[in-house]
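A.B. asks: Structure below; questions to follow.
All of the numbers you see were taken from the coordinates with simple rules; none came from a lab. Treat the numbers as computed from the prediction; the structure is a model and nothing was measured. In this analysis, Cβ positions are derived from the backbone assuming ideal geometry, glycine residues included, and neighbour counts consider all displayed protein chains.
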C-alpha cells in the first residue's frame, strides 16, 4: 500500500505505517505464541487479523493493547514506541468479546464511564455521550440497563464506550461472535459505517472468514504464530499464496501434479487425479519437474450434462456423487473417473422445484485457466 494512498474499501486517504509491528515475538515458557511477525497498518484502516483458535491473533492484539509485553521486537503507534508502555498510557482502547458492560448502570452511564473516571467536565461528558448515542443510534435507549437490551444493542453500547475517549486505535476482539447470523451480517455493515464516520483505525481479531472479508480493508491470515499472507480481501481470496490460506479462506479444490511447461504466466501441470494436463495462472518462479498444486474455487467451475465446446479451458467428465440445495445456490460433488471428487457451486438463477442435476448424473465440469492458481507450499 503506497504512502498516503487510497483506502481500498472506502476511498478515504490513509497514511502508511501508522502502526508498526517489528519482529515481534511472544513466548510463554517453551511455547511461542507469536513468532517474529512484522506488519504495517495504515491510519484510517479497518484491518483484520484472521486465524483459527490458538494461532496467536489474540496474543498479538493484547500486545497492541499493552496487556502483554513482547518477548522480543517493538510496537510503534503514530510515531511513538509503545512496546513497554502500560495500557493506560497508550492511545488505544479495546472492545472485548464479552462487551464487559456494567449491569447496574444505564446505557448512558456505561458509555460515559471512561470520561467520568478521567474527571472530565460534566458538560463535556454530556455532549460526548449524546454524540456517541447518535453515532450508534441508541438515543431512545439511554436510560435502559444492559439486561433490557438485545445482543446487537449491547454490542453498540460497548462500541460507543470504547470510542467516547477518541482513541487513535480501537482494538476489537471477536466483536460480533456473540450475535446470531442475521444480526451479525447486519452489524458488519453498521460497524464499517461507524469506522468510516469516525476515521479511527480499527484492528479486528476474528476467526470468521466471512466477517473479515466483509469488514476489512486488508487482512492478515495467521497460523501458528506467523502471518501467511497480508492483502485486501480480494487478493487473499483470489490469489492465495499458500495451501493454508487457500483452504482457510472459503472452499477450494486442489490437484497435485508436476510442471511440464511454463509459458509466460501460464503453467501446464500433469495431474494424475484429473486424468489430463491442467493449465493455470502461475505467478511463481517455476521450472519443469516442480511439484505443485492447481487450485480452483467451486464457484469458478461450470457444470453441465452437455459436452461443452473446446475453448481452451479445462474440460473433465464425472458423475454427480452428492448434492445439496442451499436456497440461493446448489453444491455438487462430482467424482472423476480416477476417484477425485471436485466440489462445484452453482447459482440458482431460476425458480424451480425440480433439480437441474440428480445423483449419478453424468456431467462435464469446466473452468478457464485464469480461474485457477498455482500453489507451491
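A.B. asks: In whole angstrom, how long is each semi-axis of the equivalent ellipsoid of region 94-230, when you take the square root of 5 times every eigenvalue of its Cα gyration tensor and sort them from largest down?
C.D. replies: So the equivalent ellipsoid measures 27, 17, 13 Å along its semi-axes.
A.B. asks: Using 0.36 nm times the number of residues separating residue 150 and residue 370, minus their current alpha carbon distance, what extension gain do you get?
C.D. replies: Result for the pair: 74.6 nm of gain on full extension.
A.B. asks: Right, next: To the nearest 0.05, how large is the calculated FRET efficiency for residue 84 and residue 265 if R₀ is 56 Å and r is the Cβ-Cβ distance?
C.D. replies: 0.75
A.B. asks: With the chain treated as a Gaussian network of Cα nodes joined by springs under 10 Å, which of 166, 340, 122 yields the largest mean-square fluctuation?
C.D. replies: Of the options given, 122 has the highest mean-square fluctuation.
A.B. asks: Classify region 28-125: rounded, prolate or oblate, from the alpha-carbon gyration tensor (a ≥ b ≥ c, eigenvalue square roots; a/c under 1.5 rounded; otherwise prolate if a/b is larger than b/c)?
C.D. replies: prolate
A.B. asks: Compute the length gained on full extension between residue 197 and residue 185: take 0.36 nm times their separation in residues and subtract their Cα-Cα distance, giving the result in nm to one decimal.
C.D. replies: 2.4 nm
A.B. asks: Next question. What ranking do 228, 186, 207 get, fewest neighbouring Cβ atoms within 10 angstrom at the top?
C.D. replies: Ascending Cβ contact count within 10 Å gives the list 186, 207, 228.
A.B. asks: Please arrange 67, 31, 227 by counting, for each residue, the other beta carbons lying within 10 Å of its beta carbon, fewest first.
C.D. replies: 31, 67, 227
A.B. asks: Would you mind ranking 171, 115, 370 by Cβ crowding within 10 Å, fewest neighbours first?
C.D. replies: Fewest to most other Cβ atoms nearby, the residues stand as 370, 115, 171.
A.B. asks: How far apart, in nanometres, would the label points at residue 76 and residue 277 be if each is projected 7 angstrom from Cα along the Cα-to-Cβ direction?
C.D. replies: 5.0
A.B. asks: Under a crude label model (7 Å from the Cα following the beta-carbon direction), how far is residue 359 from residue 311 in nanometres?
C.D. replies: Rounded to a tenth, the inter-label distance reads 3.3 nm.
A.B. asks: Region 252-375: Rg/Rh from Cα coordinates, Kirkwood Rh?
C.D. replies: Rounded to two decimals, Rg/Rh equals 1.00.
A.B. asks: Per DSSP H run of n ≥ 4, the term is -39500 (n - 2.57); total these for the chain, divide by its residue number, and report the mean residue ellipticity at 222 nm rounded to 500 deg cm²/dmol.
C.D. replies: -6500 deg cm²/dmol
A.B. asks: Relative to the longest principal axis of the C-alpha atoms of the chain, give the angle of the C-alpha long axis of helix 107-117, reported between 0 and 90° and rounded to the nearest 10°.
C.D. replies: That works out to roughly 60 degrees.
A.B. asks: In addition: Please give, to one decimal in nm, the separation of the simple spin-label points placed at residue 377 and residue 335, each 7 Å out from Cα toward the Cβ.
C.D. replies: Output for this residue pair reads 3.7 nm.
A.B. asks: Test of understanding: extend the Cα→C-beta vector of residue 123 to 7 Å, then name every residue of region 151-178 with backbone N under 18 Å from that spot.
C.D. replies: Hits in region 151-178 for residue 123 at 18 Å: none.
A.B. asks: Sticking with this structure for a sec: Springs between alpha-carbon pairs under 10 angstrom, Gaussian network model over the chain: which of 180, 35, 311 fluctuates most?
C.D. replies: Result: 311 has the largest fluctuation of those listed.
A.B. asks: Let me ask another. Roughly what angle does helix 151-163 make with the longest principal axis of the chain, taking Cα atoms, 0 to 90 degrees, to the nearest 10?
C.D. replies: 60
A.B. asks: Only Cα pairs within less than 10 Å get springs; with that Gaussian network setup on the chain, which residue of 264, 299, 210 has the largest fluctuation?
C.D. replies: 264
A.B. asks: Output the 0 to 90 degree angle, nearest 10, between the alpha-carbon long axis of helix 181-198 and the longest principal axis computed from the alpha carbons of the chain.
C.D. replies: Helix 181-198 sits at roughly 60 degrees to that axis.
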